Amino acid sequence: MSEISLEELQKKFQNKIDKDVKIEPRDWMPDDYRKTLIRQISQHAHSEVVGMLPEGNWITRAPNLRRKAVLLAKVQDEAGHGLYLYSACETLGADREQTIDDLHSGKAKYSSIFNYPAISWADMGAIGWLVDGAAIMNQVPLCRCSYGPYARAMVRVCKEESFHQRQGFEIIMVLAKGTPAQKEMAQDALNRFWWPSLMMFGPNDAESKHTKQSMDWKIKRHTNDELRQMFVDVTVPQAESIGLTVPDKDLKWNEKENRYDYGKIDWEEFWQVVKGNGPCNEDRIRVRKKAKDDGLWVREAAMAFSQKRNNKAKVA
Amino acid sequence: MSNKKEWPLWEVFIRGKQGLNHKHVGSLRASDYKMAVDNARDVYTRRSEGVSIWVVESSNLYASDPDEAASFFEPADSKIYRHPTFYDVPDDISHM
Ligand SMILES: [Fe+2]
Ligand SMILES: [Fe+2]
């Protein structure tokens, strides 16, 4: 085959993307595309896995068997999401163990929302409703992302997510309609999770340096601010319909723009949490590390057992 | 830090219902085929998406080369007479 210049390869690659032809694992791709995707997908995978911790914390204390079964199923789904994503990451040549070690060493990030504690049962409602709701806003457009395995993983994830948000909303709604103390609990959860949920979409567009390239590559289909606005617009009426108040005194409907105007986000808090100074950062990583270390003997034993069985089968 | 005893990678294929082909749905890591099948059930069929599972160790899978795709599949592109639309049949001929 004749030599093709790098420039030509890049042009062909961008052409494919512009025509909405998916990129598959063994296709040629620029190094930066691969690197950016590995970072984005592994962070996404870590978020699914770390995201199990605040909710896992409540499985044994769910108020009844139905709630317990639902929460268990939800958390199990999140483990599955982590797996789809680590697998997608591996198709890019990333070493799975290394990506996990990068999480444990603090080199890799995960969604800052999971560094907030879940201190009441109402938080299970707020997390499903707001955090999964924000995640859905992010993930639905990614079903059309240019990298095939990531897009396919997102299709599976999105199918499963809608139950997550509904079960959370149901929890909040039941509390909001309950005794004054229960309603208070629901409102308190909304107060604590509202702003961190808005932060989930990341820095303002003006501050977000990778957005342009990621949009050109179609590994991001909307800007952070666009997604945040969409989230506010759908969520505020949901809160109102169950009699809860969004904790933002600047929030008001903008007739002319046909959207809500909302108050200023505390970006100082966001960066503090990203940098590791959130309420639960240390604890989350400690628990993840411990799970890996404590599970080592199980992984080794399983491998030894399989090898033994394989050897036997060969002799027989 | 990554240890050498890492479980191998498996590709997972699911038959959605009787009468359909097994279709590739994704991959997972497992120490052997039995664990791969069990894990595939837990990960890929939690909502009754399947009635049968195949797993193949990824290292046993061989694929065509995407860089050669154009020339590799070219012979089919030029043979339009393999398609029924290539042939003219008068309008008053039916059942064909
Ligand atoms: Fe998820
Ligand atoms: Fe979820």
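The numbers here are math on the coordinates, done by the rules we state, and not lab data. Model, not experiment: these values are computed from the prediction. So basically every Cβ, Gly included, is an ideal-geometry build from the backbone, and we count neighbours across all protein chains shown.
Roughly how many debye, to the nearest 20, is the charge dipole of the range A:157-279 about its Cα centre, given +1 on each Lys and Arg Cβ, -1 on each Asp and Glu Cβ, and no other charges? If you can, show how the numbers build up before the last one.
Working: 17 positive and 20 negative charges, 59 e Å.
The calculated dipole for the range A:157-279 is roughly 280 debye.
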- Item | Per DSSP, loop trypsin sites (Lys or Arg not before Pro) in chain B with at most 14 further Cβ within 10 Å | B:K4, B:K5, B:K17, B:R46, B:R47, B:K79
- Message: Under 8 Å for C-alpha pairs, at least 6 residues apart: give me the relative contact order for chain B, rounded to a whole percent.
- Response: 27 percent
- Query: Can you list the trypsin sites (Lys or Arg not before Pro) in the range A:53-142 that are in a DSSP coil and have 12 or fewer other beta carbons within 10 angstrom?
  - Reply: A:K107
- Could you give the distance between the Cα centres of the range A:80-149 and the range A:12-68, to the whole Å? 6 Å
- Under a GNM of chain B (C-alpha, springs under 10 Å), which listed residue has the highest mean-square fluctuation: B:S64, B:S31, B:S48? B:S64
- Fraction of beta bridges assigned by DSSP in the protein assembly as shown that are antiparallel (%, nearest 5): 95 percent
- Item | Distance in nm between pseudo-label sites at B:M96 and A:S105 (7 Å out along the Cβ direction from Cα) | 7.2 nm
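For an R0 of 25 angstrom, estimate the FRET efficiency from the Cβ-Cβ distance between B:S52 and A:V315 and round to the nearest 0.05.
Working: r = 30 Å, r/R0 = 1.21.
About 0.25, to the nearest 0.05.
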- Taking chymotrypsin sites (Phe, Trp or Tyr not before Pro) as exposed when in a DSSP loop with at most 10 other Cβ atoms inside 10 Å, chain B has its longest clean stretch at B:1-61
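Loop-only check: which GluC sites (Glu not before Pro) in the range A:1-72 are DSSP coil with at most 16 other Cβ within 10 angstrom? List each step's numbers first, then the result.
Values: sites: A:E3, A:E7, A:E8, A:E48, A:E55; in loops: A:E3.
For GluC sites (Glu not before Pro) across the range A:1-72 that sit outside H, G, I, E and B with at most 16 neighbouring Cβ atoms in 10 Å, the list reads A:E3.
Take peptide A:302-310, look around each residue's Cβ out to 10 angstrom, count Cβ atoms belonging to other protein chains, and average those counts.
On the way: counts 6, 9, 2, 3, 8, 3, 0, 3, 3.
Partner-chain Cβ atoms within 10 Å, mean over residues of A:302-310: 4.
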- Distance in nm between pseudo-label sites at A:S241 and A:E3 (7 Å out along the Cβ direction from Cα): 6.3 nm
- What does the average come to when, for each residue of peptide B:27-34, you count the partner chain Cβ atoms lying within 10 Å of its Cβ? 6
- Message: Mean-square fluctuation check for chain B, GNM, Cα pairs under 10 Å: which of B:D32, B:D67, B:D42 is largest?
- Response: B:D67
- Considering only A:G168, A:G263, A:G295, give the residue with the highest GNM mean-square fluctuation for chain A, with springs between Cα atoms whenever their separation is below 10 Å. A:G295
- With each pseudo-label sitting 7 Å past Cα toward Cβ, what's the A:E24-A:K275 distance in nm, one decimal? 4.6 nm
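So between B:V89 and B:A63, what do we pick up on full extension, going 0.36 nm a residue minus the alpha carbon distance?
Gain in length upon complete extension: 5.4 nm.
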